[in-house]
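Report on the structure given below.
The values are calculated or read from the model by the stated rules, or taken from the named source; none is laboratory data. Computed from a prediction, not measured in an experiment: that's the story for all the values here. Cβ coordinates were reconstructed from backbone atoms using ideal geometry, including for glycine residues, and neighbour counts include every protein chain displayed. Only protein heavy atoms, including side chains, enter the accessible area calculation; ligands, DNA and RNA are left aside. Shrake-Rupley method; radii C 1.70, N 1.55, O 1.52, S 1.80 Å.
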Amino acid sequence: MRLFAFLLATILPVAATADERVTDFTLDNGLDVVVIEDHRAPVAVHMLWYRSGSADEPLGQSGVAHFLEHLLFKATDTLEAGEFSATVARNGGEDNAFTSYDYTAYYQRIAADRLDLIVQMEADRMRNIHLTEEDITTERQVILEERAQRTDNNPRSLFGEQMNAAQYLNHRYGVPIIGWRNEMETLDREDALSFYKSHYAPNNAILVVAGDVTPDEVRALAEKHYAPIPAEPTLPPRFRAEEPVQNAERRVIYRDPRVAQPYVNRSYLAPERDAGAQEKAAALTVLAEILGGGQTSVFSEKLQFDTQTAVYTGAFYSGTSLDRTTFDVVVVPAEGITLEAAEAAMDKVLADFLTEGVNPEQLDRIKMQLRAAEIYARDDVEAAANRYGRALTSSLTIADVQAWPEVLQAVTAADVMAAAREVLNRRQSVTGWLMSEEATQ
């Protein structure tokens, strides 16, 4: 404990002096801009985040947000198809994009002195994409192949889809980000352009620039390239179908002959991080580490080492979500242990934990590890831009992002237990078994 106390004492002062230099402002057309200064290397990361993801898609058009992400690498009024990425590469940079439930983001990592070029091209495709029917046909096949490779050929992914669909009774989080295949096959040019015109506008976007830049430099570039783009006056409100009160536990059994290792997964409906009220999410973050965050976790100690019931255990929670998220636990049984026995052992550990409470030494150790992880993450400008972008598109604020490390450190054992008793409720859970077709229960 003396060594632990010494390490904690050395880390805490570092955190107090490691505050990120963050500036934000909003253009007249509604574009929010965040600048994260880090002058240790002559590199800049440019990320444009749209407050629209798969959960914002029209009914019957699942996958259109991700489809559009692919199409934005096609031609614009001034660039040929593929020229955007080729230009980034020619200038020594890299670029990509990704779609989630709550956002779609486009990013480039480039030498800081080439930032003007990047801003110009990204602003161009915010409003000037040029899509042909050939583009639609080609890229629709690409996303269908992506689904085939990443989902249809992966029993774990198919199982995860079924778990999500069972967890959310009404909310769009129950629909896969990549889309249901039957709906992906019908996506057309009109669908893509409709989503583009409705959601891709400066007043629905957040520009995050991190690295060897200054706020004045970024403001000048944003005014030059983004400010001329008019706001979208008919931007639709971000309406989401609300999840009703859940009062019946559900079960999913997914059988697939390709499954080599069966396992038990349970997801519980859980609250997300809310602006100005992150305490419950912080407690759940700590709870996930206590239950399943490595070899010193409760699950690992009880199920892997003490009883040798499992070969792997885990608990997972990510609160950066616009709407209610999930808290998940996983147990992979050891050879000779049935899924039924593994689930029973998992339930016993959870019941015992709710009775016995938190080990104070474990809590202190986890908080120290979280503190260290927050500090180390600041060495990566791309990670910093990602952290702010994900938070801001989920209705959190810059103040929330900056307060998060201290909110985590303020979590008490009582907070953890209160969150556990609220969330670990079987009436709002889905328990899933992934098994091969010939496996017995």
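Within the full protein context, the accessible area of Phe316 is estimated at about 90 Å² for a probe radius of 1.4 Å. Note on the chain: with a GNM built from Cα contacts shorter than 10 Å, the maximum mean-square fluctuation among Ala385, Ala282, Ala81 falls on Ala81. Note: relative contact order over the chain, using C-alpha pairs below 8 Å and six or more positions apart, is 22 percent.
Between Val43 and Ala112, Asp212, the built amide H atoms are under 5 Å apart, and every one of these is 5 or more places off in sequence or on another chain.
For the pair Ser194 and Asn170, the difference between a 0.36 nm per residue extended length and the Cα-Cα distance amounts to 6.2 nm. Amide H to amide H distances under 5 Å link Ser321 with Arg273, where only residues 5 or more positions off or on other chains count and H is placed in the peptide plane. Straight-line reach from Lys348: which lysines have a Cα under 28 Å away, not including same-chain ones fewer than 8 places off? Output for Lys348: Lys280, Lys302, Lys367.
Give the residue list of trypsin sites (Lys or Arg not before Pro) in the stretch 232-329 that are DSSP loop and have at most 11 other beta-carbon atoms within 10 angstrom.
In loop regions of the stretch 232-329 (DSSP not H, G, I, E or B), the sparsely surrounded trypsin sites (Lys or Arg not before Pro) are Arg258.
Derived scalar couplings between HN and Hα for the stretch 364-369 equal 4, 5, 5, 5, 5, 5 Hz in order, rounded to whole Hz, by the Karplus curve 6.51 cos²θ - 1.76 cosθ + 1.60 (θ = phi - 60°), x for Gly and Pro.
Short to long, the 5 Å bins of the Cα pair-distance histogram for the stretch 101-162 hold 4, 12, 12, 14, 18, 14, 13, 9, 3, 0 percent of all pairs.
How much FRET efficiency would the formula 1/(1 + (r/R0)^6) give for Ala383 and Tyr312, where r is the Cβ-Cβ distance and R0 is 30 Å, rounded to 0.05? With R0 = 30 Å, the Cβ-Cβ based efficiency is 0.70. Listed values for the stretch 401-413 are Karplus-derived 3J(HN,Hα) couplings in whole Hz (6.51 cos²θ - 1.76 cosθ + 1.60, θ = phi - 60°), namely 4, 6, 7, 3, x, 6, 5, 4, 5, 7, 5, 10, 4, and x replaces Gly and Pro. Rg then Dmax, both in Å and based on the Cα atoms of the stretch 34-185: 17.2, 49. Its DSSP H runs of at least 4 residues, each contributing -39,500 (n - 2.57), put the calculated 222 nm mean residue ellipticity of the chain at -13000 deg cm²/dmol, to the nearest 500.
Distance from the Cα centroid of the stretch 386-432 to that of the stretch 325-364 is 20 Å (rounded to whole angstrom). Taken over the alpha carbons of the stretch 127-238 as equal point scatterers, the Debye sum produces base-10 log I(q)/I(0) values at 0.17 Å⁻¹ of -1.03.
As a fraction of the 1.4 Å probe accessible area of the chain, surface on carbon and sulfur atoms comes out at 51 percent. Model label points for Thr138 and Ala410, set 7 angstrom from Cα along the Cα-to-Cβ axis, are 5.3 nm apart.
Between Gln295 and Glu249, the simple spin-label model (points 7 angstrom out along Cα→Cβ) gives 3.2 nm.
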